[in-house]
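One structure is given here, and the rest of the page talks about it.
The values are calculated or read from the model by the stated rules, or taken from the named source; none is laboratory data. Keep in mind that this is a model prediction, so the values were computed, not measured. Here Cβ is always computed from backbone atoms with ideal geometry, including for glycine, and neighbour counts include all displayed protein chains. These accessible areas exclude ligands, DNA and RNA; they are computed on the full protein's heavy atoms, side chains included. Shrake-Rupley method; radii C 1.70, N 1.55, O 1.52, S 1.80 Å.
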Amino acid sequence: MKPIRLLVLAVMTAGAIAACQAPADQVPDSPAALSEPANCRRIEHEMGETEVCGQPQRIVVFGPNVLEPLLALNIQPVGYADQAALHQGDYTNPSQQIPYLGNRIAAPEENSITQPIANLGLFNNPSLETIARLQPDLILGSQNNDFETLSQIAPTLLTDRYDAVTTLRTIAQAVGRTKKAEQLIAQREQQVELMRETFAPLVKNYPKVLLPTLMESGEVRLEGPAGPCSSLLEALGFQLVLPPEVDRESVYSVSISLETLPELNDADSVILLGYNFSGLDQLQSMERFSEFQVLKLKQAWEENAIAQSLDASKSGRVYSSPAYLCRGLPGPIGTKLFLDQLQQQLQPLEEQQT
């Protein structure tokens with residue numbers, strides 16, 4: 001334990017020094033104020049309050065839901081722990097190694113740190129040794145991370161994985177980008193409202209939507225009203241189809257047997273929420289990540305007699321989307337990608353009705 005404590009002490013000392021050295025492309029709302037190490041503020045998050053001083057420069061993040069708002073605020077991390085083992089080694093070519101967000105991360109020869117983003121392992125079990133070597137001055141994660149251990153290395157903020165607005169505001173407060181955060185929140189609301197108007201004719205004719213995922217066990221998992229994907233669809237005006245006994249106020253997901261699926265046949269449309277993190281070594285390019293996520297689910301749905309007995313299947317109103325988009329990226333970047341993909345699939349059906 002003694003070597004670990006010494007390492008933590010060294011990290012905290014180096015982090016305090018690094019906090020004073022801000023790259024030119026990371027200008028906070030009030031650069032003069034935040035550049036002072038003594039400028040400390042207490043920031044509320046899921047685990048209570050954490051004091052952050054000066055302008056953090058060496059930030060490590062756990063999970064795409066935290067990386068997304070950081071990049072949306074135009075801040076580059078020095079280390080990242082992904083949701084799944086999509087890549088081995090450091091991120092030397094992030095656009096081909098991190099789905100959806102990699103093209104927003106500067107390559108080593110372009111970023112201000114001049115080194116590749118370090119791979120910290122999995123977001124729910126990151127490498128503490130690698131984190132310590134990075135000498136971070138801020139750690140950003142979710143409530144399932146080990147707050148006490150991480151706080152010994154650097155100031156740590158843990159947020160709700162699916163509360164995109166609060167997460168963005170919390171991170172923005174830590175890095176001095178609160179004005180930018182409010183702009184992003186307003187833009188996201190405008191995107192949803194614009195898409196609501198776009199989908200209005202379709203919602204009028206086909207309002208009820210089923211959001212299933214077929215599990216390997218044979219059960220069907222439906223996303224409930226508290227889920228990030230369903231919340232977006234309800235914001236567009238769609239109505240979720242769920243078993244009548246489900247609590248529509250707080251349920252994130254509910255599992256049903258495949259045999260009971262026909263009881264939900266009042267769904268006008270089906271949107272399959274796919275995710276697949278097995279066999280990723282077969283994926284040649286991140287450009288095919290979306291297709292890879294939904295391919296097995298689409299095939300399973302098409303080959304299942306019960307699924308094909310639904311009126312939505314018979315009418316060709318079955319669509320698909322990677323659950324990664326709305327669950328892994330519930331913030332401004334993922335919302336736009338999810339809505340754009342939804343529009344591409346549903347727009348032809350709307351045009352047929354006009």
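Assorted remarks:
- Across the stretch 141-185, the residues whose backbone nitrogen lies under 14 Å from the label position 7 Å along the beta-carbon direction of ASN39 are 173-179.
- Simple Cβ-charge dipole of the stretch 213-265, Lys/Arg +1 and Asp/Glu -1, about Cα centre, in debye nearest 20: 160 debye
- Around TYR319: net Lys/Arg minus Asp/Glu count, Cβ-Cβ under 12 Å: +1
- Cross-link reach list, lysines versus LYS336, counting only Cα pairs under 18 Å and skipping chain neighbours closer than eight places: LYS180
- Sites ALA106 and ALA200 - FRET efficiency at Förster radius 41 Å, r taken between beta-carbons, to 0.05: 0.55
- Largest-first ordering by accessible area, 1.4 Å probe, given options ARG169, ARG177: ARG169, ARG177
- Heavy-atom accessible surface of the stretch 145-270, averaged per residue, reaches 46 Å², computed with a 1.4 Å probe.
- Antiparallel content of DSSP bridges confined to the stretch 173-309, in %, to 5: 65 percent
- Rounded if a/c under 1.5, otherwise prolate or oblate - the stretch 96-188, Cα gyration tensor axes: oblate
- A simple count of charges around THR50, restricted to other residues whose Cβ falls under 13 Å of its Cβ and scoring Lys, Arg +1 and Asp, Glu -1, yields -4.
- Sorted largest first by accessible area at a 1.4 angstrom probe radius, with every protein chain in place, the residues TYR319, TYR252 fall in the order TYR252, TYR319.
- Here r is the Cβ-Cβ distance between GLU245 and ARG288 and R0 is 45 Å; the resulting FRET efficiency, rounded to 0.05, is 0.70.
- Cα-projected label distance for GLN143 with SER278, points at 7 Å along beta-carbon direction, nm: 3.1 nm
- Percent carbon-and-sulfur accessible area, the stretch 43-195, ignoring ligands, DNA and RNA, probe 1.4 Å: 43 percent
- Test item: Cα-centred dipole of the stretch 190-328, Lys/Arg +1 and Asp/Glu -1 on Cβ, debye: 320 debye
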